[in-house]
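First up is the structure itself, then whatever we jot down about it.
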Amino acid sequence: MLALSDKQRAFVHALFLAPKTHGSRTFAARAAGYGTATSSRQSLSQMGHQLSTDPKIQAAIAEVSTSYLTTLGPAAVRALRKLLDDPKHKDHGRALGIVMDRVTPVQSTAVLKVEGEVKLAAGDAARVLERIEELTARFMPQLPGPKIIEHDEAA
């Protein structure tokens, strides 16, 4: 959010305050101060679309979304607890399943056994080795020999 101008920041926050999903970018562009008093919905819609495709604004939307979802956590837990406390609720079983899946997730193990045999004729093996030598000679850099440093032995 720090990389945005004040108007861009206002646009991002207004997206979350839009009264409906259809036209939310138009609403946000107008609320953030884009356009003029006489700007049409079409021009505000285009401005909103252009703003929402900006990578910096998209990153800010993700940041604000995370923040909103984090703050909704306690309310979601309270609602889930209320649902779990009512065994007659039509979604009681689903809620139990959701909680159990998160508390003790199901783990499964698969064993895959692959069997096979590779048969290589002597001629094929020789061609493979020749090709390895050819590629090594072609692409392997020639390294200089190690540098020998002479020194006096310690007394």
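FYI, it's all coordinate maths here, none of it is from the lab. The structure displayed is predicted, hence computed values, not measured ones. Cβ placement follows ideal geometry from the backbone for every residue including glycine, while neighbour counts extend to all protein chains displayed.
Table for the structure above
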read-out	value
Computed lengthening from ALA137 to LEU112, 0.36 nm per intervening residue step minus Cα-Cα distance	5.1 nm
Principal axis box of the chain, alpha-carbon based, largest edge first, Å	81, 57, 54
Gain upon complete extension [ARG102, GLU130; 0.36 nm per residue less C-alpha separation]	4.4 nm
In Hz, Karplus ³J(HN,Hα) per residue of segment 57-68 (6.51, -1.76, 1.60; θ = phi - 60°; x = Gly, Pro)	6, 4, 5, 5, 4, 5, 5, 5, 4, 4, 4, 4
Unit charges at the beta carbon, dipole of segment 46-122: most positive-side option, GLY116, ILE61, LEU83	LEU83
Protection proxy ranking, peptides 67-78, 34-45, average beta carbon neighbours within 10 Å, highest first	34-45, 67-78
Spatially near lysine pairs across the chain, Cα under 25 Å, sequence gap of 8 or more or different chains	4
